[in-house]
Amino acid sequence: MTPRSLTVFRGKRVLVTGDTGFKGSWLCLWLRELGAEVAGYALAPKHADDHFNLLRLGGLIRHTSGDVRNYAKLAEVMRKFKPEYVFHLAAQSLVRISYEEPKLTFDTNVGGSVNVLEAVKSTPSVRVLIYVTSDKCYRNNEWVWGYRETDALGGRDPYSASKAAAELVFEAYRRSLFERRSGLGVASVRAGNVIGGGDWSEDRIVPDCMRALRAGRPIELRHPRATRPWQHVLEPLGGYLLLASRLHRAPRQYSGAWNFGPGSDAMHTVKDLAQRIVRGWGKGRVLVRRSAHAPHEATLLHLNCDKARFELGWEPAWDFARTVGETVSWYKGIAAGARARELSRQQILRYMGDAR
């Protein structure tokens, strides 16, 4: 990815669903840095210190509070804004919540995604759709090698199954409806476990660590040996932006499914990540508290990103140590009284410089 390749967003109208979420808020700020006119559609942020609120993003973009399950409202926003690019990130994104509220998870991740696809179908201005799902859309066989875009979809838990189903829905729209529309490029994108500043979601390792460290409590881990492909939030977002720019130029060539994951050095256990966060923070400790009643979570899952490397020229820019370092430095900056918008903006600029 080069900064030059992203100049295409200057002056363009971009709609982001899920703009109040962790990834969505980072994407909106980045798009504003690139000179885009951005509209967002999402539920209200859940926490006062969510990234969206700390950025005061509502003053930078045209935000509409709404649920992707409400087709009429979503379609009206899209009709009035007339976006050229649509990034669909709105989702129920937590595995543990999917066990507690499976219907909500399927209604949002499948039904809500259908609404986005329908709205895109009915909006002639849209030239590019980036449709975000998850690495958990793959049927997980606990392989030691990475999953390719052509591997089987599936899911044991409701969240994973909902993302696999969302992929099937996307492919049906792409092949039966969108291929008829000249000049429209559509891609589904799958990323691994993203971390970075501004995430305060429940039952995620980095927010759990930060809440514990700020309160002076030990960090408690349920699945210390679970291995994940950790990547900074800017890594997949950079891939999405690069892919969107290529889709605009050559929609038929780049439409389809794409993986955006970290390098092999990023495969680390939850315990290793927590211990590195403690070292970066400067104090704290890690405890293991396994529960016999905890819901199932995959132990091993990572992506093969050869397609993105060879066809887009995309490569991860930050290794595991840099990813953890940038993440911890963001939270430490906030704790020291720094402004979130400037912290995040500087990280985006550093990342763009490193990703040349």
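The values are calculated or read from the model by the stated rules, or taken from the named source; none is laboratory data. All values reported here derive from a predicted model rather than from experimental measurement. Glycine also receives a Cβ, built like all others from the backbone with ideal geometry; neighbour counts cover every protein chain displayed. The accessibility values were calculated without ligands, DNA or RNA, using every heavy atom of the protein model including side chains. Shrake-Rupley method; radii C 1.70, N 1.55, O 1.52, S 1.80 Å.
Provide the solvent-accessible area of Met78, counting protein heavy atoms only and rolling a 1.4 Å probe, rounded to the nearest 10 Å².
0
Please report the relative contact order for the stretch 103-219, taking Cα pairs under 8 Å with a sequence separation of at least 6, and give it as a percent rounded to a whole number. Walk me through the numbers on the way to the answer.
Working: 116 pairs, mean separation 34.4, N = 117.
Across the stretch 103-219, relative contact order equals 29 percent.
Net charge near Ala39, counting Lys/Arg +1 and Asp/Glu -1 over other residues with Cβ under 14 Å of its Cβ? Mind dumping the intermediate values first?
Working: positive: Lys12, Arg13, Arg32, Arg62, Lys73, Arg79, Lys80, Lys82; negative: Asp19, Glu37, Glu76, Glu84.
Cβ neighbours under 14 Å give a net charge of +4.
Under a 5 Å amide H to amide H cut-off, with H placed in plane at 1.01 Å, what residues pair with Glu220 once short-range neighbours are removed?
Result for Glu220 returns Leu287.
Mind ranking Trp281, Trp30 by accessible surface for me, highest first, 1.4 Å probe? Spell out each step's value before the answer.
Numbers: Trp281 40, Trp30 0 Å².
Accessible-area ranking of Trp281, Trp30, largest first: Trp281, Trp30.
Rounded, prolate or oblate: pick one for the stretch 83-154, where a ≥ b ≥ c are the square roots of the eigenvalues of its C-alpha gyration tensor, a/c under 1.5 means rounded, and failing that, prolate if a/b is larger than b/c, else oblate.
Values: a/c = 2.89, a/b = 1.43, b/c = 2.02.
Note, shape of the stretch 83-154 comes out oblate.
Once you sort the root eigenvalues of the Cα gyration tensor of the stretch 1-59 as a ≥ b ≥ c, which label holds: rounded (a/c under 1.5), prolate (a/b larger than b/c) or oblate (the other case)? Could the numbers behind the result be given before it?
Working: a/c = 2.47, a/b = 2.00, b/c = 1.23.
Since a/c reaches 1.5 and a/b is larger than b/c, the shape of the stretch 1-59 is classed as prolate.
Among Gly11, Pro218, Ala355, whose Cα projects farthest towards the positive end of the dipole of the chain, with charges put on the beta-carbon of Lys, Arg (+1) and Asp, Glu (-1)?
Projecting each Cα onto the dipole axis, the largest value belongs to Gly11.
Residue by residue, what Karplus-based ³J(HN,Hα) values in Hz, rounded to whole numbers, does the stretch 105-120 have, using 6.51, -1.76 and 1.60 with θ = phi - 60° and x for Gly and Pro?
4, 5, 4, 6, 6, 9, x, x, 5, 4, 4, 5, 4, 5, 5, 4
List the chymotrypsin sites (Phe, Trp or Tyr not before Pro) within the stretch 54-160 that fall in a DSSP loop (any state other than H, G, I, E or B) and whose Cβ has at most 10 other Cβ atoms within 10 Å.
On the way: sites: Tyr71, Phe81, Tyr85, Phe87, Tyr99, Phe106, Tyr131, Tyr138, Trp143, Trp145, Tyr147, Tyr159; in loops: Trp143, Trp145.
Here the chymotrypsin sites (Phe, Trp or Tyr not before Pro) that fit, given the DSSP loop and packing criteria, are Trp145.
Using only alpha carbon pairs under 8 Å that are at least six residues apart, calculate the relative contact order of the chain and give it in whole percent. Could the numbers behind the result be given before it?
Details: 699 pairs, mean separation 66.5, N = 356.
After rounding, I find 19 percent.
Could you count how many Lys pairs in the chain have their Cα atoms under 16 Å apart, skipping same-chain pairs fewer than 8 positions apart?
Close lysine pairs under the 16 Å cut-off: 11.
Let me have the 222 nm mean residue ellipticity of the chain computed from DSSP H runs of 4+ only, each contributing -39500 (n - 2.57), with the sum over all residues rounded to the nearest 500.
-12500 deg cm²/dmol
At 1.4 Å probe size, put Lys82, Lys121, Lys307 in order of accessible surface, largest to smallest.
Details: Lys82 115, Lys121 85, Lys307 55 Å².
I get Lys82, Lys121, Lys307, largest accessible area first.
For the stretch 144-238, report the accessible area per residue in Å² (1.4 Å probe, heavy atoms, rounded to an integer).
Details: 3610 Å² over 95 residues.
Roughly 38 Å² per residue, with all protein chains present.
Quick one: order Glu235, Glu100, Glu171 from most to least accessible surface, probe 1.4 Å. All intermediate terms of the calculation are to be shown ahead of the outcome.
Numbers: Glu235 5, Glu100 125, Glu171 60 Å².
Listed by decreasing accessible area, they come as Glu100, Glu171, Glu235.
Can you list residues whose amide H is under 5 Å from His232's amide H, if they're 5+ apart or on another chain and H is modeled 1.01 Å from N?
Ile195
What accessible area, in Å² to the nearest ten, does a 1.4 Å probe give for Asp272?
Asp272 has an accessible surface of roughly 40 Å² with all protein chains in place.
Going toward the positive end of the dipole of the stretch 1-81, with +1 on Lys and Arg Cβ and -1 on Asp and Glu Cβ, which of Val38, Phe81, Ser25 do you reach last?
Phe81
So what's the angle, to the nearest 10 degrees on a 0 to 90 scale, between helix 270-281 and the longest Cα principal axis of the chain?
Tilt relative to the chain: about 80 degrees.
Return one number: the angle in degrees, 0 to 90 and rounded to the nearest 10, between the long axis of the Cα atoms of helix 320-335 and the longest principal axis of the Cα atoms of the chain.
With rounding to tens, the tilt is 80 degrees.
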